[in-house]
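To keep things clear, I will list the structure first and then write my remarks on it.
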Amino acid sequence: MHMKDRFIAWLRDAHAMEEQALTMLTAQAKRIQSYPELKARIERHVLETQEHLRLLQELLGTLPSGGISLVRDLTGRLAATAQGLGGVLTSDEVVRGAMAGYAFEHMEIAAYRVLIAAADELGEVEAKAVFERILQEEIAMADWLEGNLDDTTRLYLLRDERDLQAKR
């Protein structure tokens with residue numbers, strides 16, 4: 001596979017990844033009620049992710065053979081929906097969701113670093129600028145999740161213990 005073809009494939013993968021992120025984040029935001037800061041940050045990242053998708057679609061539209069892979073997008077959305085539904089059954093969903101979100105953000109960070117290097121190698125200046133912008137938002141979300149994981153966990157544990165005491 002030529003460099004340009006590989007680049008386009010990675011760009012399509014990034015689009016599918018953002019579709020998956022949007023599905024997961026939207027499902028998570030709908031279920032979080034008792035953690036207003038987390039809910040607000042996730043809702044903000046939903047808006048950022050929608051913009052990421054728009055930017056990636058524009059880039060794909062400008063490249064030869066750059067159409068969106070509907071199969072990959074659908075597969076990613078189905079996987080994200082399954083993950084979102086799986087969380088409904090666990091009482092510690094907020095903690096598990098924060099952990100999964102943190103891990104997913106780092107996968108996105110790695111993907112955009114790869115795309116930045118590839119765009120630079122190919123002289124895709126506009127694409128590189130888009131990836132750098134998205135990368136900064138993914139890093140900011142990962143940093144926020146990291147900075148709040150301790151408090152989210154402790155708050156969950158306190159509420160869970162309180163609920164157990166109330167049942168006795």
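Could you list, in sequence order, all residues of segment 28-39 that are part of a helix (DSSP H, G or I) and over 15 Å from the mean Cα position of the chain (by Cα)? Even if it seems obvious, please write down each step before you answer.
Keep residues of segment 28-39 that are part of a helix (DSSP H, G or I), which gives 28-31, 36-39.
If the condition is that a residue be part of a helix (DSSP H, G or I) and over 15 Å from the mean Cα position of the chain (by Cα), then LYS30, ARG31, PRO36, GLU37 are the ones that fit.
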Item to check | Members of segment 25-49 that are of a type in the set (Lys, Arg) and touching a residue at least 24 places away in the same chain (Cβ under 8 Å) | outcome: ARG31, ARG41
Checklist entry - What are the pairs, 6+ residues apart or on separate chains, where a residue within segment 151-168 that is in contact (Cβ under 8 Å) with a residue 24 or more places away in the chain has its Cβ under 8 Å from a residue that is not in a helix (DSSP H, G or I)? => result THR152/TYR35; LEU155/TYR35; TYR156/ASP92; ARG159/SER34; ASP160/SER91; ASP160/ASP92
Checklist entry - Just one of ALA110, ALA98, ALA117 is surrounded by 15 or more Cβ atoms within 10 Å (Cβ to Cβ) and either under 20 Å from PRO36 (Cβ atoms) or out of contact with any Pro (no Cβ under 8 Å at 6 or more places or on another chain) (or both); which is it? => result ALA98
Item to check | Flag if ILE139 is buried (at least 18 other Cβ atoms within 10 Å of the Cβ), hydrophobic (A, V, I, L, M, F, W, C), modelled with pLDDT of 95 or more and in contact with an Asp or Glu (Cβ under 9 Å, 6 or more places away or on another chain) | outcome: no
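Limited to segment 15-66, what total is found for residues that are of a type in the set (Val, Ile, Thr) and open to solvent by 70 Å² or more (accessible area, probe 1.4 Å)?
Looking only at segment 15-66, we keep the residues that are of a type in the set (Val, Ile, Thr), and these are 23, 26, 32, 42, 46, 49, 62.
In the following step, the residues that additionally are open to solvent by 70 Å² or more (accessible area, probe 1.4 Å) were identified as 62.
Going through segment 15-66 one residue at a time, the tally reaches 1.
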Checklist entry - Do we have LEU155 as under 14 Å from LEU38 (Cα atoms) and modelled with pLDDT under 95 here? => result yes
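The values are calculated or read from the model by the stated rules, or taken from the named source; none is laboratory data. None of the values given here were measured: they were computed from a predicted structure. Cβ coordinates were reconstructed from backbone atoms using ideal geometry, including for glycine residues, and neighbour counts include every protein chain displayed. In case anyone asks, the SASA skips ligands and DNA or RNA and just uses the protein heavy atoms, side chains included. Shrake-Rupley method; radii C 1.70, N 1.55, O 1.52, S 1.80 Å.
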